[in-house]
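Note sheet for the following structure.
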Amino acid sequence: MSTLWTAASVTATNGSNLITVQSGEDIAAIRANSWIMVGSAHIMEIKRTFVTDSGVKTIELFDNWEFGPASGQRATVAPSLGEFKTLADDVRRLIQIGEEQINTASVAPEPGSSVKRSENGTVKTAEPQDDDDAVRLQDFAPVKQKGESNEQAISSNSLAILRRRAMAKLERDAVFLGKFTEDRVVKTVGLSKIATSVAEGITYTSPDGITGIAADRTIQTAGVNQPAIVYDPETGECLGLQTAPGTTNLVEHSEDFTQSVYTRSSLTVTPSVFDSPLGTLQASKLVENDAVDANHFLYQTITTTIGERYSFTVFIAPSERTEARLLVNNLDNRFSCYLDLTTGYVVSGDMPYKVKKLASGFLRVDITGIASQNNAALVVYPSVNGDSQYTGDGISGIYCAALQCNPGYPAPYQPTGATQMTRGAIGAIHSLSLSPPALTLLFDFFYDFADSAILGVGDTFDDTAYITRSTIVVRSGGVSQGSYSFPEFSKGRHKVLITIGPAGATYFIDGKKVHTVTGALPPKVLSRISFSGGGFGASQPSSGVYSTLDAFLACRETSDSEGIALTTLEA
């Protein structure tokens, strides 16, 4: 809202509704429907402001100026009664939203709570008697963000309130609740709800353990059948429960580059000289020799099958040389690029790769493609100024911690010794025994890739509701209740909700209602909820790499507005 905006010099032309500002004052603070007075003439109402292509600051009126030419006149702008009314209405609505949130919030007292009062104005007791005895400060609707209009603030606050309200109902009614980022599982046993840790709340099958990125950006190993909770190495955000398919690291001696399985040219290896995300003094240094105008490199040849997908992974960091050339032979014919090891950005060249920044200045670089020959190799070179061919000094180089090549898409790192190592697929389920009249299933997850089903609930294939990388499927008593196909999930976070009741089934993805099936029925029998595959199968080994943040299963329907709110990704 403008408050007595003034300009030293403006010009108004008779018969025109445009006033130009010559004295340079900022017009951004002037709002529509404000009053303007030029000189001592009549008051006019402003329609809008804008800057012309030639840079002239201009005020547009609703009506033409009819008071004679006015040049070099002083102008004053003040808010109108209409502006005050609009602002008062906005404030009144925001207050109403806040009051609704306080009245509907329902938690037991905890640190960060705010005490509520009873109807007679007295403060409620420290020992809660009712479900609505306290409200967390964080439950207040988010305050207006900088740069938001009042309308935007009201809209976003309304959605936030609806999301909190719907989530509170879902948590209350859930027969299973998995908040993997909080190491919390709540499950229904008989008529009681029991809260446990993730390790106790689900059956996690990892016959060979699994590695993942920890909160400190190092690579840690979860033991056999121990849940792996992973983190984003750049933001520190918890990504939830890690799943991955079975895979084999085809590289031998994946961390020992002195072994004879590696080909080295104009380069030597100094082992165990630098800390890496894999351990203290774990990384080796690839040291260039002093050969003149030479390529200095290292690689291991991998046997491949033509037409199949393979992925290379290398953990590298800068030393005296801050660039590396990565050359991949015989995947999609040939890739080559020069990588800045301090930033992770490509200096020149091109290849399908992904970079994650880890601890100790290391990068995890993943490269994937289709085998065009019966063998492939990732060749690693130190480089200088975008060139791998140069005269070395005999002491400079780069650090390298590990190398992996696995069939399929990039997978969690699997260390090897003298032989290739295979890791079994990850399975993650929670057992149930339900025949629900209605169903709401909500998954919040980070997607990388998958070949088939990823998350679901059910018994056998005849009774299941599950999500694949590009479909939602519901079956009841062996009869399809309606499937929905969509483009494959993009890499990143997604929320999917399936709700089924007497009126049918409705599917929601990332804040949008995407499909409705009239007359659909929920699965007749639910014996397990799966976080590593569909809703059926004994152990449900994973078919892809993704992680689950939250999972909810409730035996009730969810409304359209609740489904949209629950699946909308927060900014």
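The values are calculated or read from the model by the stated rules, or taken from the named source; none is laboratory data. These numbers come from a predicted model, not from an experiment. Cβ sites come from the backbone with ideal geometry, for glycine too, and all protein chains shown count toward neighbours. What goes into the accessible areas is simple: the full protein's heavy atoms, side chains included, and nothing from ligands, DNA or RNA. Shrake-Rupley method; radii C 1.70, N 1.55, O 1.52, S 1.80 Å.
Here are the numbers for the structure shown:
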| quantity | calculated |
| --- | --- |
| Most to least accessible of Val525, Val328 (protein chains only, probe 1.4 Å) | Val525, Val328 |
| Efficiency of FRET between Asp216 and Asp332 - r from beta-carbon atoms, R0 45 angstrom, step 0.05 | 0.80 |
| Equivalent ellipsoid, region 461-506 (semi-axes from 5 times Cα gyration tensor eigenvalues, Å) | 21, 12, 8 |
| Region 218-238 and region 165-189: distance between their alpha carbon centers, rounded to Å | 22 Å |
| Span-rule helices in the chain, defined as complete DSSP H runs reaching 27 Å or more along the axis (Cα) with Kyte mean at least -1.0 | 81-104, 150-173 |
| Amide H contacts under 5 Å for Val251, placed H, 5+ residues apart | Cys405 |
| Neighbour net charge for Val496 - beta-carbon separation under 10 angstrom, K R +1, D E -1 | -1 |
| Sites Val346 and Ser23, calculated FRET efficiency, Cβ-Cβ separation with R0 51 Å, nearest 0.05 | 0.55 |
| Point-to-point label distance, Arg264-Ser372, nm (Cα→Cβ direction, 7 Å offset) | 3.0 nm |
| Estimated FRET transfer efficiency when R0 is 60 angstrom, pair Ser396-Ser54 (beta carbons, to 0.05) | 0.60 |
| Cβ-based charge dipole, the chain, positive-most Cα from Thr440, Thr196, Ile95 | Thr440 |
| Inter-centroid distance (Cα atoms) of region 442-480 relative to region 262-299, Å | 46 Å |
| Sites excluded, chymotrypsin sites (Phe, Trp or Tyr not before Pro) in DSSP loops with at most 14 other C-beta within 10 Å, longest stretch of the chain | 68-344 |
| Listed residue pairs exceeding 32 Å between alpha carbons, taken from Lys285/Lys495; Lys187/Lys354; Lys179/Lys512; Lys187/Lys524; Lys187/Lys357; Lys187/Lys512 | Lys285/Lys495; Lys187/Lys354; Lys187/Lys357 |
| Computed log₁₀ I(q)/I(0) - Debye formula, equal Cα scatterers, no solvent, region 317-457, q 0.10, 0.12 Å⁻¹ | -0.49, -0.65 |
| Spatial extent of the chain: Rg and Dmax, with the Cα atoms as the point set, Å | 31.3, 94 |
| Positive-pole candidate from Val479, Ala244, Val185, dipole of the chain, charges at beta carbon | Val479 |
| Accessible area of Glu570 in the full protein assembly, 1.4 Å probe (Å², nearest 10) | 90 Å² |
| For region 228-235, Karplus couplings with θ = phi - 60° (6.51, -1.76, 1.60), whole Hz, Gly/Pro x | 9, 9, 10, 9, 6, x, 8, 9 |
| Relative contact order [Cα under 8 Å, 6+ residues apart], the chain, whole percent | 13 percent |
| Karplus (6.51, -1.76, 1.60) ³J(HN,Hα), θ = phi - 60°, over region 5-17, in Hz, Gly and Pro reported as x | 5, 10, 9, 6, 8, 10, 10, 10, 10, 4, x, 10, 9 |
| Computed magnitude of the charge dipole of the chain (debye, nearest 20; Cβ of K, R +1, Cβ of D, E -1) | 760 debye |
| Note, ³J(HN,Hα) from phi for region 22-37, Karplus 6.51, -1.76, 1.60, rounded to Hz, x at Gly and Pro | 8, 8, x, 5, 6, 9, 5, 7, 7, 9, 4, 6, 6, 9, 10, 10 |
| Heavy-atom SASA rank of Met44, Met167 (probe 1.4 Å, accessible area, largest first) | Met167, Met44 |
